[in-house]
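Have a look at the structure below, then the notes.
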Amino acid sequence: MKKPICWWAPAVSALALSAAPAWAQDSAVDEALTDDIVVNAQRNNQTEVARSGSVGVLGDKDAGDVPFSIKSYNEQLILNQQPQSLGQVLENDPSIRTTYGFGNAAEQFVIRGFALFGDDVGLNGLYGITPRQLVAPELYGSVQVLNGASAFLNGAAPSGTGFGGNVNLLTKVAGNDPLTRVTANYTSSSHFGGSFDVARRFGANDEWGVRVNGAFRSGDVAINDEFRRAAVIGAALDYRGDRGRVIVDVAYQRYEVDRLRPTVTLGFGVTAIPEVPDADHNYGQAFTSTEIRDIFGTVRAEYDIADNALLYATVGSIDGREDGTYGGLTVTNALTGAADGSASIIPYERNGTSATAGLRVKLQAGGVTNEFNLGGSHIWQVNRTAYDFRYANAGFGVPYQTNLYVTPQVPLPTGFSFAGGDLNDPFPISRSRIGSAFASDTLGLFDDRVLITGGVRLQNIQQSSYSYADGSLVTRYSESAVTPVVGVVVKPTDGVSLFANRIEGLAAGATAPNNADTLNAGEVFAPYKTRQYEVGGKLLLGRFNLSLAAFQIDLPSAYVTPTPTATNVNAVTFGYFGRQRNRGLELSLDGEPVRGLRIIAGGTYIDAKLRQTAGGLNEGNEVFGVPEWLANANVEWDLPFGATMTGRVVHTGDQWYDNANTVKLDDWTRFDVGARYVVPLASAPLTLRFTIDNVADKRYWASSFGSFGPALLQGQPRTFKASASIDF
């Protein structure tokens, strides 16, 4: 266990000393001024969801004007809930659940039953430049969620995920009001830290803006001996002219995770889900660690070439490095918890650049409006990596022995290893380019009460892979596809919006296995598409918002099918013969139905089925890791004198561990509680926060959705969080 760096202690002590005189003079402070400070601080501290956001090439839109499901979680929610990762922010969304990659701390998200890798999370509207494993929420002013496929809106994602939806992060920029905020925080068991956020505007008309914010956290979290450290800093400079606007931002993020509690897989022949270990038990190994460093940023520019015409461009880049020693655990006896362990050493480097530019023009004639979008985008990526999979000091594939419940600590295996590449200086293993050109028109009728959107995006995906042995070229892929979109919005009255869409997802196609029995060996398939159909309605009244959507998404799946010939009875043909079909309903609501009472809630039903499977095996079965039911509810209640009570419930239905539907995880429900209190210090409000996540310390398997197949992820134990923020 590492000792946290307690640099925050002097700051907290100074804060307490500076507060003492103010408290001593409370009797002299005007009561009306004090009440005003408290009321304003409570109002500014409200946790809210915005029914608007970036809709890719269509620009920033209100939810009622687009035929898609969008919402945004604001920076105040991030400050109040004190999340330590992006996944903890997205716990508020009833259509999203978070899982881990195999053996490491890489968060991935499940939206409408489909994976969204961290690699494919957007940043300021661009793919490929977001830190790919863990994202520090403190850097961002908004976390935007668009449910559903988005190949036209955002282009194909670099890692080929996001068929059920995408997440876009907006970095912080200076607002209209000056900001100076200092925060100290604590997370059990011994994780301490602090953050700062400063913003100012300058110039005769406040045309220049600067915002700098950063955070540092370090120490053990609620899982026994799991140590985490994060250091982040971001800066943004923006200019607002009469016609032009420019934002330049850059950020640095460094994460460290030691002795991560890993996901758990079931070994061959295990036909039962093992009992969940104690909520805070750590079955990870002390030799495991992850160190992640990313430097990234964007430049965004807009210019009004006319009152109805906007020219825009965004370019961004990232330089990232990961060094990881990971551990895996495969249960061989569900009753006793006996398990096989494995280890791997995997360095990874990524360099990426992404850009998009376009022209948006709105015309009006004869009571009809047209909003045209023309533009293009490009993503360049180079990935460098190597691997060393290690086992115990024994023969090939013999793992070390461990246990899920009584976990012995073992040294990093030094015996047989299966390695590739240069661990000390990884060379390029893959390069990719994704280029596209897009065009769309949104036709507005009857004073824009009927909006019809149609568009196409031509996309080209190029991928090259290289040998781990010597870096030589192995395969090259270059294919193109057209992804159209059509959507309709009907607004029969103010605040009511009905919508429907047909849109696609896109990813690079596979290559047929190159062996003697495959009749089409080496055939390169065009990019494959998902097809989404969605209908729904939105009630957007400001103080209260509600949306309901029904959707169906079909994802093709590839496999080999027997096609015996006269000369080869074992001959097979590879192709996209199967599909996964996800149907569902989403209900989402938020608002303030009564003054001082705020709600963020919703539920999702998903029917995910396998269709046209190989040989009919698993035909009609439910897809592993996709629960039928999801539900969330967040409540905030403002009390007099600056107090706010908070509560959250998260429910996830039962889910299958495997596509054969032989082993199932139980459903689970988690409760969180908390409170905020505003204390007036002279003219500055001090906000105190305290929350308890998983207040009942419930033990549960949170998910079976893994990166490369089924994997059990255990839910977090009871976790205490406290913070104090002062706005000068």
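How far, in nm, would the chain grow between Ala437 and Gln401 when pulled straight, counting 0.36 nm per residue and subtracting the alpha carbon separation?
7.6 nm
At what distance in nm do the modelled label points of Leu639 and Ser467 sit from each other, each positioned 7 Å from its Cα along Cα→Cβ?
Placing both labels 7 Å along Cα→Cβ, they lie 7.0 nm apart.
Once amide H atoms are placed 1.01 Å from N in the peptide plane, what residues at a sequence separation of 5 or more from Val270, or on another chain, have their amide H within under 5 Å of its amide H?
It is none; the list stays empty.
What FRET efficiency do you get for Thr475 and Ala313 if R0 is 41 Å and r is their Cβ-Cβ distance, rounded to the nearest 0.05?
Between Thr475 and Ala313 the formula returns 0.80.
Taking H placed 1.01 Å from N in the peptide plane, check which residues at least 5 places from Phe577 or on another chain put their amide H under 5 Å from its amide H.
Correct list: Ser557, Tyr559.
Residue by residue through the stretch 487-495, what is 3J(HN,Hα) from phi via Karplus (6.51 cos²θ - 1.76 cosθ + 1.60, θ = phi - 60°)? Round to whole Hz and write x for glycine and proline.
Values per residue, Gly and Pro as x: x, 9, 10, 10, 10, x, 7, 4, x Hz.
Order the peptides 220-226, 90-96 from the highest to the lowest mean number of other Cβ atoms within 10 Å of their residues.
By packing density, highest mean first, the sequence is 90-96, 220-226.
Just from its helices, what would the mean residue ellipticity at 222 nm be for the chain, if runs of 4 or more DSSP H residues each count -39500 (n - 2.57) and the sum is divided by every residue, rounded to the nearest 500 deg cm²/dmol?
Result for the chain: -2000 deg cm²/dmol, rounded to the nearest 500.
With a point put 7 Å past each Cα toward its Cβ, work out how far Asn351 is from Val482 in nm, to one decimal.
Calculated label separation equals 3.7 nm.
Over the stretch 8-727, what is the mean sequence separation of C-alpha contacts under 8 Å (at least six apart), divided by residue count, expressed as relative contact order in percent?
Over the stretch 8-727, the number comes to 12 percent.
Mind listing the long-range amide H neighbours of Asp93? Cut-off is under 5 Å, sequence gap 5 or more, other chains count too, H placed in the peptide plane at 1.01 Å from N.
Close amide H contacts, sequence-distant or interchain: none at all.
Using mean Cβ contacts within 10 Å as the protection proxy, how do 160-169, 59-68, 560-569 order, highest first? Let's see the in-between values first.
Details: 160-169: 25.7, 59-68: 20.2, 560-569: 11.1.
Ranking, from highest mean packing down: 160-169, 59-68, 560-569.
Based only on other Cβ atoms within 10 Å, what is the fewest-to-most ordering of Phe708, Phe720, Phe499?
Listed from fewest to most nearby Cβ atoms, that is Phe708, Phe720, Phe499.
Among Tyr400, Tyr559, which comes first, second and so on when ranked by fewest other beta-carbon atoms within 10 Å?
Fewest-to-most Cβ neighbours within 10 Å comes out as Tyr559, Tyr400.
Would you order Leu266, Leu311, Leu179 from fewest to most other beta-carbon atoms within 10 Å of each residue's own beta-carbon?
Placing the least packed residue first, the sequence is Leu179, Leu311, Leu266.
Given a Förster distance of 25 Å, report the FRET efficiency between Arg531 and Ala571 from their Cβ-Cβ distance, rounded to the nearest 0.05.
Efficiency at R0 = 25 Å is approximately 0.20.
Quick one: which of 286-297, 404-415 comes out on top by average Cβ neighbours within 10 Å, and what's the full order, highest first?
286-297, 404-415
Distance in nm between label sites at Leu423 and Glu619, each 7 Å beyond Cα in the beta-carbon direction?
Result: 4.8 nm between the two label points.
What's the FRET efficiency of Leu445 with Phe544 using the Cβ-Cβ distance as r and R₀ = 25 Å, to the nearest 0.05?
0.35
What is the extension gain from Ala204 to Val649, computed as 0.36 nm multiplied by their sequence separation minus the C-alpha to C-alpha distance, in nm to one decimal?
Gain on extension, Ala204 to Val649, equals 155.3 nm.
Can you list the HN-Hα couplings for the stretch 330-339, worked out from phi with the Karplus curve (6.51, -1.76, 1.60; θ = phi - 60°), rounded to whole Hz and with x for Gly and Pro?
Computed from phi, the couplings for the stretch 330-339 are 10, 6, 9, 9, 5, 7, 8, x, 4, 8 Hz.
Residue-wise, which Karplus ³J(HN,Hα) couplings in Hz belong to the stretch 413-430, taking 6.51 cos²θ - 1.76 cosθ + 1.60, θ = phi - 60°, and x for glycine or proline?
Taking θ as phi minus 60°, the curve returns x, 10, x, 4, 9, 10, 10, x, x, 9, 5, 7, 8, x, 9, x, 10, 8 Hz for the stretch 413-430.
Counting other Cβ atoms within 10 Å, keep those with at most 12, restrict to DSSP loop, and tell me which trypsin sites (Lys or Arg not before Pro) in the stretch 576-637 are left.
Arg595
A short reminder: the numbers here are calculations on the coordinates, not readings from a lab. In this text, all values refer to a predicted model and were calculated from it rather than measured experimentally. All Cβ positions, even for glycine, are placed from backbone atoms using ideal geometry, and neighbour counts span all protein chains on display.
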